[in-house]
Amino acid sequence: MSDAPHDELSRRDFGKLLGAAALGGALPDLVRADAAPSRPAPPSTASDELCALTAVEMAARIRRRELSAVEVMEAHLARIERVNPRINAIVTLVPERALADATRADTLQARGGPLGPLHGLPVAHKDLVATAGIRTTYGSPMYRDNIPTADALIVTRLRAAGAITVGKTNTPEFGAGSNTFNAVFGATRNPYNPAKTVGGSSGGSAAALTAGMVPIADGSDTGGSLRNPAAWNNIVGFRPTPGRVPDNDGSWSPLSTGGPMARTVADVALFLSAMVGAYAPDPLAIDQDGAAFRAPLARAMKGTRIAWFTNLGGLPFEPEITRVVNANKQAFADLGCVVTEAEPDFTGVDDAFPILRHLSYHSSYAKLARENPTMFKDTVKWEIAEAERNSGADVARASARQARMSIDVSAFFDRFDYFVLPVTQVEPFDLTTEYPTSVAGVAMPTYIDWMRSCWYVTFMGCPCISVPAGFSANGLPVGLQIVGRRRNDWGVLQMAHAFEQATRHGLRRPAL
């Protein structure tokens, strides 16, 4: 990919953008960027203990009438009021509506009405997802006051399953980049160290989960937008097989998909069960009953064949990332897995993936950007310009590499059951850095180059999950990716659950 001159302008203006957002009140009461990374935890309250429950346990207690939906919502709203000003994860809150919906949920249950699998659970939606009657900005000043009249498909399905919308989570402008900031709401801070980024573009969702403000939150993923923030917030983010979670954009592209985020693999599986199923307008939609994802996850892993990453064809990694991830190799061996160093051939993916990615930005935003050039950040304009620079032959070459990757990956998974590798190439970086311009001394020409350990996996077209892998020497979370065969989403969840139960890395929470 070429070095874009305007990327320098973007980096120069980044600090000004954050400062302007803070002065405008978008970042109320946040700690300073140079604040200490940790502080004594405040005394625990009953509402905090409730908010720390897993989604599975919370839903079970509501069904047994040990908790009401109103009690659960009130506890989470109290937690949001206390914690969110320091993190800025939830950017639009609808407390009155949420409590009214919780009251209706309790009335339905009292009358013996049908209860969905997510009955009574608070949920926050990424601010790229349309929500009827609730502000949806896409992180863009152009949509600062936008209130959709219809829900996105994923929102419709979650509400039908009984989840109750509490608000919207922060995201970069139009989801571009893996540092969650925008000119509307400012930046979201990492709960483990407020001077660091949460990643992105589902960074607000990840931080809200880590901080106990919601038990479940949806995200989306093209180049790592579910997995990167999950890794940097010590939670679980699942990118399902394209089509497993359908949407209503009618696209044939397998690069982007919605997916679930939560604090445990079991919670992710429960959440996923409400998202899946046939949907005629989506040409990739997979027809499967969601109940299949509510079965017990535990199974024996003896003899399971694990392909362990080497260097992904020569990608640079910070030493702490490889140290933490490689320290988990023994955990797979202890589960009875056969671990072998091997990886797919990623030659040419660093050329093909960006070409196809640029097309999606061009089709979505090129006209708007021409009409409103000052309202778009430079990285989005760069995506559009690159799409216009590429020729039809370039797109054909990228599509051919995508087809060959599908064939190669199928053969790879004839030899192995899972592929394991780091989620990110770097630790969470400073909030005031828009994106890393180098990794382990190797220059990163564009704003997505440092995320190749994620978007190489996107190009495989397979289900993959980010699970907590431990912490760096700096006390920052590190994530591990587990990739499985196409459409074997259940198998990936089972492997992730086994690893999670064996290591318990995800139990470590920040003091808030």
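Worth a mention:
- Average 1/r across all pairs of distinct alpha carbons in the range 142-194, invert it, and you get the Kirkwood radius: 13.5 Å.
- For the range 343-421, the pair-distance distribution built from all alpha carbon pairs, in bins 10 Å wide starting at 0, is 17, 36, 25, 16, 5, 0 percent.
- Counted charge near residue 112, where neighbours are those whose Cβ lies closer than 15 Å (Asp, Glu -1; Lys, Arg +1): +4
- For the chain, size of Cβ-based charge dipole, Lys and Arg +1, Asp and Glu -1, in debye: 920
- Fraction of beta bridges assigned by DSSP in the chain that are antiparallel (%, nearest 5): 70
- Counting only residues at least eight positions apart within a chain, or on another chain, the lysines with an alpha carbon under 16 Å from that of residue 329 are 302.
- Positive dipole terminus of the range 411-512, leading residue within 420, 502, 437 (C-beta point charges): 502
- Reach of residue 168 by Cα under 29 Å, taken over lysines that are not fewer than 8 positions away in the same chain: 16, 126, 196, 367, 377, 381
- Each peptide in 173-184, 127-138, 287-298 gets a packing score, the mean of other Cβ atoms within 10 Å over its residues, and the list from highest to lowest is 173-184, 127-138, 287-298.
- Working from Cα pairs under 8 Å separated by at least six residues, relative contact order for the range 406-502 is 31 percent.
- Extreme residue, positive dipole direction of the range 244-350, given options 339, 268, 246 (C-beta unit charges): 339
- Simple label model, 7 Å out from Cα along Cβ direction - residue 507 to residue 278, nm: 4.4
- The convex hull defined by the C-alpha atoms of the range 99-226 has an orientation-averaged projected area of 8.1 nm².
- Principal axis analysis of the Cα atoms in the range 406-512 yields extents of 43, 36, 19 Å, listed in decreasing size.
- Cα-based Rg of the chain normalised by 2.2 N^0.38 Å, two decimals: 0.90
- More than 20 Å apart - percent of Cα-Cα pairs taken over the range 201-352: 62
- Most tightly packed first, judged by the mean number of other beta-carbon atoms within 10 Å of their residues, the peptides 214-224, 410-420 read 214-224, 410-420.
- Rg/Rh ratio calculated on Cα atoms of the range 50-156 (Kirkwood radius): 0.99
- Between the range 264-292 and the range 217-235, the alpha-carbon center distance in angstrom: 18
- In this simple spin-label approximation, residue 347 and residue 149 carry label points 7 Å from Cα along the Cα→Cβ vector, and these lie 5.4 nm apart.
Read the figures in this text as sums done on the coordinates, not as results from a lab. What you are looking at is a predicted structure, and each value in this text was computed from that prediction instead of being measured. Note that each Cβ is placed from the backbone with ideal geometry, even for glycine, and that neighbours are counted across all protein chains shown.
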